[in-house]
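Quick note: the coordinates plus some simple rules give every number you see, no bench work behind them. All figures in this text were calculated on a predicted structure; none of them were measured in a lab. Note: ideal-geometry Cβ built from the backbone for every residue, glycine included; neighbour counts use all protein chains shown.
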């Protein structure tokens, strides 16, 4: 089940984000405690509550009633979050959530989607039709790539 997250979901959202980063993104943080701490610093319930209260579109995917994935986007066409709980990988949840986020961007009138992919997620996004456009300029500590995808149905 995919649904828009509310402030009542912040603890589940935080847990999924942190579990995904610490458990699945080892190729990016190399188990370096300082890098992990920096990456998860703004993934606490209070910060996430602020994102939602400020109008951020945060989505929650559930699998068998359990929080399984978190996605986020901006009205400017950027996917800001897409994290899967390690217990829910390889069952199509990430692809379904990405498709939902893309549909939301289209509904907002965006002709193109943008995101920043980690080394861990690059292959997933590429398989879903996203193209790398260069290195992220703001994340020197992560192997981050800017990616884009045309959302025009004619392409």
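Computed over all pairs of different Cα atoms, the Kirkwood value for the hydrodynamic radius of the chain is 15.7 Å.
Determine the calculated [θ] at 222 nm for the chain from helices alone, applying -39500 (n - 2.57) to every DSSP H run no shorter than 4 residues and normalising by the residue count; nearest 500 deg cm²/dmol.
Values: 6 runs with 60 residues, N = 155.
Calculated mean residue ellipticity at 222 nm is -11500 deg cm²/dmol.
Mean sequence separation of contacting Cα pairs (under 8 Å, at least six apart), scaled by the length of the range 2-111, corresponds to a relative contact order of 28 percent.
Please order 16, 35 by the number of other Cβ within 10 Å, starting at the fewest. Each step should come with its number before you reach the end.
Values: 16 26, 35 16.
Ascending Cβ contact count within 10 Å gives the list 35, 16.
Spatially, the range 106-132 and the range 31-51 are offset by 22 Å when compared through their Cα centroids. Once the Cβ-Cβ distance of residue 11 and residue 111 is raised to the sixth power relative to R0 = 35 Å, the FRET efficiency obtained is 0.45.
The order of 28, 87, going from fewest to most other C-beta atoms within 10 Å of their C-beta, is 87, 28.
What's the exposure ranking of 126, 20, 14, going from fewest to most Cβ atoms within 10 Å? All intermediate terms of the calculation are to be shown ahead of the outcome.
Details: 126 14, 20 25, 14 20.
With the fewest neighbours first, 126, 20, 14 line up as 126, 14, 20.
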